[in-house]
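The values are calculated or read from the model by the stated rules, or taken from the named source; none is laboratory data. Bear in mind that the values here come from a model prediction, so they are computed numbers and not experimental data. Every residue, glycine as well, gets a Cβ built from its backbone with ideal geometry; the counts of neighbours run over all protein chains shown.
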Amino acid sequence: MDGTFDWLSPNLPPPRNRYREPVSPPLAMMAHQRGIAVDPGDVVSTASACDEAQGQILLRVDSITKQYTDLVVLADVGFDVHAGEIVGIIGPNGAGKTTLLEALAGILPAETNDVYWLGRSILPSRRREAIFYLPDGVRPYQDQPVTRVLSFFADVYRRSAEEIAGTIQSVGLTPVLHKRVHSLSKGYGRRLMLALGLLTPQPLLLMDEPFDGFDLRQVREMAKVLRDEAAKSRTLVLAIHQLMDAERICDRFILLADGRVRGVGTLNDLRARTGNPIGNLEDIFLALT
Amino acid sequence: MRSHEAFRVHDAPLRPLLTKELWEILSGRALWTMLLLMCPLVGYSFFQAVSLFGEASAAGQQSPVLANSLSPLDGVMVPTLGASYVAVTLLFPFVAIRVLGQEKESGALRLLIQLPYRASTLIAAKLVAVLAAWVLSSVPAFSALAIWRLLGGHLSAPETLNLLFGHLLYGLLVGAIALFAASISESAATAAIVTLAFTIGSWVLDFTVAGHPGLLEWIARLSLTQVLRTFEQGLLSLGLVMGIGTAVCGFAALATVWLPPGVHVRTKLFRSLVCVLAAAIVLGLATQIRFSVDVTEDQRNSFPVADQRALAKFAEPLVVTVHLAPEDPRYADLQRNVLAKLERVLPNVSVRLAGGRQSLATNAGDDSYGEVEYAYGGRSDVSRSSSPREILPLLYGLARVALPAPIPGADYPGYPLVTNGRPALLWFFFGLPLFIVLAWWRSRRLPDSINALS
């Protein structure tokens, strides 16, 4: 391996996806240029799905199924993620959000795990080339001071001193740089994880419960950090069980319950689907699940 | 703007990974606790060895013949490093397991495996950390050797380095087993049980099945303690080094297979099978390599120099047929005193046990039992001796060559030393532990780069 993608399936059939959105003409042209077959029926002249800046389908999850003996945790889950957007995977505890993210990141084996990156199949073992996943509840290298953990990630990805300083500043880690990871509060532990995620260069960042442990003010602060990151053309997929937090930050939502996708779209799309034009995410989630 | 192209992997710098591994192993209490425990353990062994060597030396100073047998390798180094071996067997697994187990338990492994390194690179970096831990844990043993020199004791560089090399390989083997155990276990406690099953299981093999014939003899050879015996005898065996290296690489490869959590168990089992088969093939080849070097100063594993030179000229094959059961102590004597030396010096020698797997009980009434037949150049002769003094003339007779004249001045002089090792106890019980505690405290200090990051 030379370290670049060796696309294993150059002439793939168009992926099957039950929640695939219509393909806009610019995207269809882009797909054609990349040699990806697009069903002419999928091409519609609508700007409702996503604008051109966010139009490129970065990730297409065709099917992820995960099963533990008799228990189906994820049942043929599929959805698309567009470039530069913030997608929220919404669902109650036990819905399969974490399992979905881990399977997507390639760190959990699944029965089916058909994922396409920019239209090309990407094996689970190579997902880390495009995706970085920040798990929930992890306190990495607890005996080390925060600064050493940050330095490790920064050195691995050859980040400049300015980039490191900017990341520390943006997530507000400065007061605890001298502390060891095990002595951090839950909130600062979360900030550290977020900082590590921001130091990684992968175009797609998956985050499991990124706001867990934050108060309202901190959630807004971190939401701004994530918005800024998305503005740098990074795509974020967040698994969130707090619907208010999700509504505050996400562009689109994937509603997950009992391991099945119950709805995908923007808040307005979902409102239209449920026939509730003024409903909030909570109302919509309850209506669809 | 961030590119949507995939990030290039496998070209990340190794330095941060190695630095992280070293900091991780230095940050844990396991290594420092082990070091502190090793100080009195190694120190007392050293003190006892020096005392006993001193007592023997006092007698040796009266008789040059006795002095000839006083080797610091047997008298001081092997017992001192033997204490280190006990600590590596019982305590080192906990240090090595921590290198991987800590990350598994904290969840950091899920971050680590997403970094742009191959799983094999991650395991190799951890093995380097294990090696560094072994070097640190050997500080008490190293200091014992230094004190021995300060006391006026003699050290032969080849045999000392050979012995240390053997302990290094043993430490790496235990470390590789620990990494493998940590990679297949969900918790460090389970990994410790798995590793100790290997290390302490070796002792069980030594005590229960060693010396028995047949399958039990073969099983006994799997004991990890066998690794050190050859080095303690002053032999550097290429086959053994290759075998241990293969075992280390094999366990590291298995740890690599089981490290990524995103791979199905079936796939891991298949890859493990491939690793085990490959390692078994290389181990099989390693057992066929008979090349070894006698690095001892007294050349205890070789015949006298004059005989070595004469035997090296034997061009035809020598066939030795032994009418002894493998568990017979006479066979062990013959093997050690004659056959092993012949195999090292003669270019073409083959040894076979007559009647296959004999036993002491079944051959009690056999008149030929105990005989050893030597065949060379179409002639043969029989002896019941296991002493080179009787067998070498027999071989020269078969080859029709004259007995070589002894080379004067080639005798080992011996290195008796009567000294008091008691002051060394102060170092091992107070001085060295104090240094270790200071080093531990120093390792807990925050890095200087904190100001730059702030």
- [ ] Identify the residue in the range A:153-171 that is loosely packed, with under 15 Cβ neighbours inside 10 Å and within 24 Å of the chain's Cα centre (by Cα) and, among all such residues, is nearest to the other protein chains (Cβ to nearest Cβ).
- [x] A:R158
Open item on the list: assigned by TED's automatic domain parsing to the domain that holds B:I177 and more than 24 Å from B:L131 (Cα to Cα): which single residue out of B:L277, B:L238 fits that description?
Closed with: B:L277
Task: Subset of the range A:128-152 (residues that are more than 8 Å from chain B (Cβ to nearest Cβ) and not aliphatic (A, V, I, L, M)) - done: A:D136
Task: the range B:400-416, residues that are surrounded by 17 or more Cβ atoms within 10 Å (Cβ to Cβ) and either in contact with a strand residue (DSSP E or B) (Cβ under 9 Å, 6 or more places away or on another chain) or more than 20 Å from B:S302 (Cβ to Cβ) (or both) - done: B:P416
Task: Near pairs, Cβ below 9 angstrom, 6+ apart or cross-chain, from the range B:331-344 (among the hydroxyl-bearing types (S, T, Y)) to any residue that is outside any helix (DSSP H, G or I) - done: B:Y331/B:V322; B:Y331/B:L324; B:Y331/B:A325; B:Y331/B:L353; B:Y331/B:S386
Open item on the list: Given (1) more than 21 Å from B:Y412 (Cβ to Cβ); (2) more than 20 Å from the chain's Cα centre (by Cα); (3) at pLDDT 95 or above, identify the lone condition not met by B:A49.
Closed with: (1)
Task: Test: A:A231 is within 14 Å of chain B (Cβ to nearest Cβ), surrounded by fewer than 23 Cβ atoms within 10 Å (Cβ to Cβ) and modelled with pLDDT under 95 - done: yes
Open item on the list: What's the number of the only condition in (1) on the phi > 0 side of the Ramachandran plot; (2) crowded, with 16+ Cβ neighbours inside 10 Å; (3) under 14 Å from the mean Cα position of the chain (by Cα) that A:G259 fails to meet?
Closed with: (3)
Open item on the list: Is it the case, given these coordinates, that B:V88 is part of a helix (DSSP H, G or I) and modelled with pLDDT under 95?
Closed with: yes
TODO: Would you check if A:T174 is in contact with a His (Cβ under 8 Å, 6 or more places away or on another chain) and within 14 Å of chain B (Cβ to nearest Cβ)?
DONE: no
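Let's see how each residue does on (1) away from chain A (no Cβ under 14 Å); (2) part of a loop (DSSP other than H, G, I, E, B); (3) among the small types (G, A, S):
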site	(1), (2), (3)
B:S120	no, no, yes
B:A129	no, no, yes
B:A132	yes, no, yes
B:V135	yes, no, no
B:P140	yes, no, no
B:L145	yes, no, no
B:W148	yes, no, no
- [ ] Consider B:F180 carefully, then state whether it is in the same structural domain as B:L112 (by TED's automatic domain parsing), crowded, with 20+ Cβ neighbours inside 10 Å and either in a helix (DSSP H, G or I) or touching a residue at least 24 places away in the same chain (Cβ under 8 Å) (or both).
- [x] yes
